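Report on one structure; see the data block that follows.
Every number in this text was worked out from the coordinates using simple rules, so none of it is lab data. Being a predicted model, the structure only gives us computed values, none of them experimental. Note: ideal-geometry Cβ built from the backbone for every residue, glycine included; neighbour counts use all protein chains shown.
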Amino acid sequence: MLDRRTFVGGAVGAAAAALAAPAIAQGRFKVVVVGGGAGGATAAKYLVRDEAKADVTLVEANRTYVTPFTSNLFLGGLKPYSGLEFGYDRLAGHGVRLVFDRVVGIERERRRVRTAGGDALAYDRLVIAPGIDFRWDAVPGYSEAASARMPHAWRGGDQIRLLKAQLDAVGDGGVIVIVAPPTPYRCPPAPYERAAMMAHALATRGVRGARIVILDVKDHFVLQPLFEDGWVRHYPGVIEWQDPKMHGGLKRVDPAEMTVTTDLETIKADVVNVVPPQMAGRLGRDAGLADESGFCPVDAATMLSLRDPHIHIVGDAATGGEFPKSGFAANNEAKQVAMLIRAEFLGGRRLPVRFTNHCWSTIAPGDAIKNGGRYEPRDGRIVLFDPYTSQRDESEELRAKQAREAVGWYAGMTTDIFG
Ligand SMILES: Cc1cc2nc3c(=O)[nH]c(=O)nc-3n(C[C@H](O)[C@H](O)[C@H](O)COP(=O)(O)OP(=O)(O)OC[C@H]3O[C@@H](n4cnc5c(N)ncnc54)[C@H](O)[C@@H]3O)c2cc1C
């Protein structure tokens, strides 16, 4: 028997269902992509190939994207800031509908997203790629406000310019501290490449007697013997890596005094680059898509959220196995998701899901190392099956070739994403 409550609930439910009714029934499939970085912009571009059958809307908070990838080369003076900036005009030209706004909520039941500007965008499939957020309070004394003095420079944009300005002001005998994050974090080799590029910038300006101290919470880091070998060859006596056994634990940072205190000592520094522990971008967490790790678990074969079968999550916000958090990986995941959505709903071909990732780290001009491999879904997780890692004794020619590859990769990757 219907009581008033059931009836009202039913009416609301029916209205909600009508709102959420797949646009397929009306002839056009609606995909909304949130986040126009490496993952989201790629997804939008590869989805709009079926423009005749699908509406593809990309919602991005900023009109210009500054790639975090290769930003270390900007610090090193090897590329201009303008070389990191990309706009969305070409995506619009391909047929992607662009909304420059911040998504403030995902109404999962109604299958729509709400923006700060007041739009409500209905979707049949949602792809989110909001990148990372920081656990600001994990480093005592650090905060979002403190990042104006002690930049993280881990999401591109003004932070990277601030860090570069501070680096360029370091004089003889100056001290730089890099606080390296715990895993999992965006681009595992990047803090150590950053140290090398900072040392290169100092050397180029003829700065003498400067120190770069990396305070790590990890006992070891990716490609460690190769980085340490490169640091000693190119920048003898400049870069010093301290693991927790050495520094005894990071006690606090003081942005007003520009000091970093460990169990061992208090370091007064000219530059403090704090890279805090990370988690999925707020959008994914607020929508209830994250687990206790702070990242959003996905099924490896589809990148579908384990919390919601209508939402794909790509890029750094996702967690699902051994695939690292990189621009290369985000781009790869997005293309797989576009292929799967087109195959399921738009009549495209479904090919086996495979991922590739390689990361190049530049130690000095003409000397780059690389690691990565191929990955595939196995039992719901993404698993590495064809690894590649640079070797310590490889030739100068190979290192120089890898440095050229890094430049070529960036050009190809950014064209693939934004071109
Ligand atoms: C120093 C450094 C060096 C790196 N080097 C490399 C490298 O050599 N190779 C490599 O492959 N990777 C590298 N990376 C990693 C790479 O930058 C990231 O893995 C990649 O950017 C992740 O892509 P994403 O799409 O998940 O997130 P992002 O590229 O960060 O994009 C997220 C986007 O979402 C938008 N957004 C977030 N929330 C909302 C919202 N609510 N509404 C609207 N828009 C929103 C943001 O504005 C942003 O544009 C490096 C990173 C760093 C920091």
statement: Length-normalised contact order of segment 144-276, Cα under 8 Å, at least 6 apart, in percent, tallies to 34 percent
- request: Report the residue, chosen from LYS218, LYS164, LYS325, that carries the largest GNM mean-square fluctuation when the chain is represented by alpha-carbon nodes joined by springs under 10 Å.
  value: LYS218
Other-chain or far-sequence residues with amide H under 5 Å of ILE214's (modelled H): ILE178, GLU240, TRP241, GLN242
statement: Connecting every pair of Cα atoms under 10 Å apart in the chain and solving the GNM, the largest mean-square fluctuation among GLY174, GLY117, GLY37 falls on GLY117
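Pairs LYS45/LYS401; LYS245/LYS268; LYS79/LYS401: which exceed 27 Å Cα-Cα?
Numbers: LYS45/LYS401 30 Å; LYS245/LYS268 21 Å; LYS79/LYS401 18 Å.
The pairs that break the limit, which is 27 Å between Cα atoms, are LYS45/LYS401.
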statement: The ³J(HN,Hα) series, computed from each phi in segment 89-96 with the Karplus coefficients 6.51, -1.76 and 1.60 at θ = phi - 60°, rounded to the nearest Hz and given as x for glycine or proline, is 4, 5, 4, 4, x, 6, x, 6
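Please report the net charge: other residues with Cβ closer than 11 Å to the Cβ of ASN72, K and R +1, D and E -1. Write out the running numbers ahead of the final one.
Working: positive: LYS79, LYS164, ARG194; negative: GLU193.
Overall, the nearby charge balance is +2.
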- request: Quick one: what are the phi-derived ³J(HN,Hα) couplings along segment 207-223, Karplus 6.51/-1.76/1.60 with θ = phi - 60°, whole Hz, x for glycine and proline?
  value: 5, 10, x, 7, 10, 10, 9, 9, 9, 10, 9, 9, 7, 7, 9, 4, 6
field: Degrees, to the nearest 10: 396-418 long Cα axis against longest axis of the chain
entry: 30 degrees
query: Quick one: Karplus J couplings for segment 109-121, per residue in order, coefficients 6.51, -1.76, 1.60, θ = phi - 60°, nearest Hz, x for Gly and Pro?
result: 5, 8, 6, 8, 10, 10, 10, 4, x, x, 6, 10, 10
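Relative contact order of the chain, please, whole-number percent, based on alpha carbon pairs below 8 angstrom and at least 6 residues apart. Display every interim value, and only then the final one.
Details: 888 pairs, mean separation 72.6, N = 419.
Over the chain, the number comes to 17 percent.
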- request: Within segment 204-259, report the GluC sites (Glu not before Pro) that DSSP leaves as loop and that have at most 15 other Cβ atoms within 10 Å.
  value: GLU257
query: Amide H to amide H under 5 Å from VAL33: which residues, 5+ apart in sequence or cross-chain, H placed 1.01 Å off N in plane?
result: THR57, LEU58, VAL59, VAL127
